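Notes to accompany the following structure.
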């Protein structure tokens, strides 16, 4: 019964969304506050309906109601409860339902924030939100309905794809979707501003927290996905430049650019048109990501052509929203007023450079992702664009950005002084250079990239911390005063510093992968396998049976230079319902590095193929990402209203505090 | 019926959610009506506070305040132009139109879409059955894992492997079933039945293909017991698959001749022979009346009619499904399986029988 | 600086970055892109030994030989041709005889391919795109229903 009610609630949400689309838009045109006030209430009602619908599906999963096709295909009565719940979004239909649920959730938060958003802006924004909701609800109801029944009901389900039966993947999609869908709010605000023909610092002030929140979640989602791929796929890699990964990286790059350009807009009322365009592009890339992942076009261009219903529908959504918003942009953008002026060498200028590099890097990823598809459609020639392509294009574009980052952060608003800024970074340069040289000396003869990368990371971390130091401490300031001053700095400043330091940590983690070592061998019980200083000895192989899988767990003792560090278990699992084998890598964390052991097949004579890696500082890749998201979160708690004031060049460097 | 009342109530609530804001005149705060100037006023106040705390230098504070002031002036000029209009005849008309829209659109869309895609007649299965079924599955799972644990300790217990093999097979773990039989044969030694089952599982694991290994197993079974019907049958199938039609015909014919009266496999064998183009002997061969293909078809259709009109036991349904398969009418078999499930929806054991049959016959496209 | 000069500076800079990016993309496109071929393609196109490519097809039944130290040899086939593949390393979970795979590496001679990575079907919804297409084209594709392991 609840399943049917949930299904009906979804249809009801569609009807409500139509009202939410038409009435507030009309109200905003007619300047009628009563009509506009329909927007927030319907927005909440839509959320309630979709949430109920989602709950209904969850109930069907938890009670293993095998009269629902979706449950049969993705669940099993013997599956642990957590995977019954995460199975709800571990499949196409359910994940689309989660997608609209988050969309409606964001819509309802906009609806509730009635005092901080001008009424017309709110009404138009909710209408645009509703348009997106309508499109995706139709998509779900017509092509991907999770409530389709199976008559007669099945006796048992087919189980969730074992790769997805993992705590990492239980939380990865929600995080990623909050990020993706969060950008829909920036998009809706941008379209609303275009419809209204007005955009100013107030707009930027309202939009910034949304962008920041979405960005922080997307950062966490990507990091989570990368860590999952690292430990679950058993190849030891953490980023594969896979189209699915690129689909989430592109909105992240565009979103990062958007985040920085809204800062300029909020503080200096400049870069308006560009910010609006970025907001549109960021969400368009989110939609593109959804399209790439959900249409099956990645598996095969032809499978898309053979089973075109879903793919065509979502392609239609893509064209409608990207085309529609860009048309609106082309029509309205020339009417927007130009904003504040700034010199090329200034904080604003630096942020423009940031945007330029991020947008270009994003474009290269887009080309690398779509080119093979386009080529196949046009010529039928099949190619793969992999890591070498992205290493050659993406990295050279990101490196200058990272090198300029501490500069930009130190420059003053409106007009800056390049030499003065460089002066303030002398110490940072010096220490980073020393760190690089020390690394070279320490690892003499090792890979060149690692010390350079670590130097860059140190430079980024110190460069961003430098901002706190120069703004709270000068020669002669007592430490207690400096401390108080530092604590009094706006939270957004701290957020910026922490997020940028996070970038530095991630860069160090990535650079250190060049020092990684690995070993590959077939070992028997009691034999050892070596990677650099680390050794693993195969102690025993234990067979186990769990509710929905069986596994052979190989227990290894890990040694570093002959000293025992402990044991780890590496598993080869067979999920019986699907008959699908998976590899569970055994991982031991040593400091910030990890020893990683993955199993091959067990041979007839009892020996096992084993691959062992030692990856120094690898955890920094994800710790850095979490720190970035944390910085975003801290910045989000800053409720202050800011304005960027210029610094006069005459002020002595020590006292020059860029105002916020 | 209950479901429709619930759906109706939900629709009413949704429509009310829209009508409610349309029906009231509420005050709108200054913040909502004129948020821009408010924003800049607060910004100026903020700058002042920062200056007092010493976070801003005087000169910077002045510059920032000047900028905010400029924006404030601009914003004040703009808001005057678009005052809200909530009163008067046109506003009333607009509200009525919006109410009508909500009253018509929401129920129509929701009911139309749900009507097209929903299954309102579909009530949830009684919870007891569900629980019972889950319990049953769970018991099976625990039993299997207990046996597995036991076998992990005593891998040389051939009996255990022999017991678990058909269970694996029924659970769909066909490859495991093959391994289990293989182990059982290794430890208990070959016997006709064991070898035949082993070979049969191998064949089913390969979707009906009699592989060379399976053939060797069957040959060993026949060596032990020349009568081994199952093994001989599969050997004949193997010959047929190898393209040795003559050998296959001969083997089938011998099998049929030596089979006891009314043997369950006789139908399948005859079907095979027919497909190889062998006419069934019309007369002779003892005085048992020979059943022709037409007679079989007539009997099958009689059974189908009876089951449809009067119902029948799960075994009878299963027999009908098998008969259709044997006659080569897989689509009918699939339809019958679906029908049987529907009829036997309340009969747990019956459903299992049907499931087992469809699995055995590889009617997987029917089995959800 | 006037507004116009500022704008020109910005446009000039942006143009520079874009030109750089374009250059990188074009260069990378020439150098790093790997073409996908089936064994029949390699024969038909007469691909030169030493070329880097992706080879896709089915692992031929009964050809997998494991040597010492994780050295593995097997044959990859399509409807028309087969190709000997040499590989050292752990095979992916779903590597089986009769299964579709993609190997990336270098063509050693007209019939021998040295792979440095081997990808197998990831799960039943994922088949390396190229393999699926090739197999479909050659009529080897069995569809998802059969490819998925037996259920229930």
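Entry note, the stretch A:1-165: relative contact order of 36 percent, from Cα contacts under 8 Å with a spacing of 6+ residues.
Inter-chain neighbour count for A:360-370: the average number of beta-carbon atoms from partner chains within 10 Å of each residue's beta-carbon is 3.
Report note on the peptides B:182-189, A:185-192, C:73-80: ranked by the mean count of other C-beta atoms within 10 Å, highest first, their order is A:185-192, C:73-80, B:182-189. Simple spin-label estimate for residue B:100 and residue B:154 gives 8.4 nm between the two label positions (7 Å along the Cα-to-Cβ direction from each Cα). Averaged over peptide A:19-26, the number of partner chain Cβ atoms lying within 10 Å of each residue's Cβ comes to 4.
Our note on the geometry: Cα centres of the stretch A:412-466 and the stretch A:240-291, 28 Å apart. Taking square-rooted eigenvalues a ≥ b ≥ c of the alpha carbon gyration tensor, is the stretch B:137-258 rounded, prolate or oblate, where a/c under 1.5 means rounded and, failing that, a/b exceeding b/c means prolate? Here the stretch B:137-258 falls in the prolate category. When shorter helices are ignored and each DSSP H run of at least 4 residues is given -39500 (n - 2.57), the per-residue value for chain A at 222 nm works out to -21500 deg cm²/dmol. Reported to the nearest whole Å, the Cα centre-to-centre distance from the stretch B:87-101 to the stretch A:338-405 is 51.
Relative contact order, percent, of the stretch B:137-258 when contacts are C-alpha pairs under 8 Å separated by at least 6 residues? Relative contact order here is 16 percent. Using the Kirkwood radius over Cα pairs, work out the Stokes-Einstein diffusion coefficient for the protein assembly as shown at 25 °C and 0.890 mPa s, in µm²/s as a whole number. The calculation lands on 72 µm²/s. What fraction of the DSSP beta bridges in the protein assembly as shown is antiparallel, stated in percent and rounded to the nearest 5? Looking only at bridges with both residues in the protein assembly as shown, the antiparallel portion is about 90 percent. Per residue of A:374-387, other chain Cβ atoms within 10 Å of the residue Cβ number 4 on average.
This ranking places B:1, A:1, A:119 by how few other beta-carbon atoms lie within 10 Å of each, fewest first, which gives B:1, A:1, A:119.
With Cα atoms defining each centre, the stretch A:490-520 and the stretch A:7-48 are spaced 44 Å apart in the structure.
No lab work stands behind these numbers, since they all come straight from the coordinates. All values reported here derive from a predicted model rather than from experimental measurement. Methodologically, a virtual Cβ is constructed for each residue, glycine included, from the backbone with ideal geometry; neighbour enumeration extends over all protein chains shown.
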